[in-house]
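Just so you know, all these numbers are worked out from the coordinates, no wet-lab data involved. Fair warning: this is a prediction, and the values are worked out from it, not measured in the lab. Glycine also receives a Cβ, built like all others from the backbone with ideal geometry; neighbour counts cover every protein chain displayed.
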Amino acid sequence: MARVVLTGGAGFVGSHLCDALLARGDEVVAIDNFCTGRKANVAHLDGHDGFR
């Protein structure tokens with residue numbers, strides 16, 4: 001299990017990468033300024049123990 005800091009986590013690619021990393025047991029800290037990313041892309045991860 002690793003701790004991963006992911007920039008652009010709310011974008012299309014970033015949100016799918018968050019899903020994949022969490023599925024393999026990693027802890028994910030996603031950072032995004034929401035310029036092109038959308039909160040809806042990661043809304044399903046709210047409350048996940050490994051997601052911040």
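Observations on the model:
- 5 angstrom amide H check on Gly37, placed H, neighbours 5+ away: none
- Among residues other than Cys18 with Cβ under 12 Å from its Cβ, the summed charge is -3 (Lys and Arg +1, Asp and Glu -1).
- Tail fraction, Cα-Cα pairs, the chain, threshold 17 Å, whole percent: 21
- Each Cα pair under 8 Å and six or more residues apart adds its sequence gap; the mean of these over the residue count of the chain is a relative contact order of 42 percent.
- With the helix formula -39500 (n - 2.57) applied to DSSP H stretches of n ≥ 4, the chain reaches a computed 222 nm mean residue ellipticity of -7000 deg cm²/dmol.
- Amide H contacts under 5 Å for Ala30: Leu6, Arg52, restricted to partners 5 or more places along the chain or on a different chain, H placed in the peptide plane at 1.01 Å from N.
- Sites matching chymotrypsin sites (Phe, Trp or Tyr not before Pro) across the chain that sit in DSSP coil, with at most 15 neighbouring C-beta atoms within 10 Å: Phe34
- Spacing of the modelled spin labels on Cys35 and Thr7, each 7 Å from Cα toward Cβ, amounts to 1.0 nm.
- Charge context of His48, other residues only, Cβ under 12 angstrom, K/R +1, D/E -1: -4
- Additional length obtainable on full extension of the chain from Asp19 to Arg52, 0.36 nm per residue less Cα span: 10.6 nm
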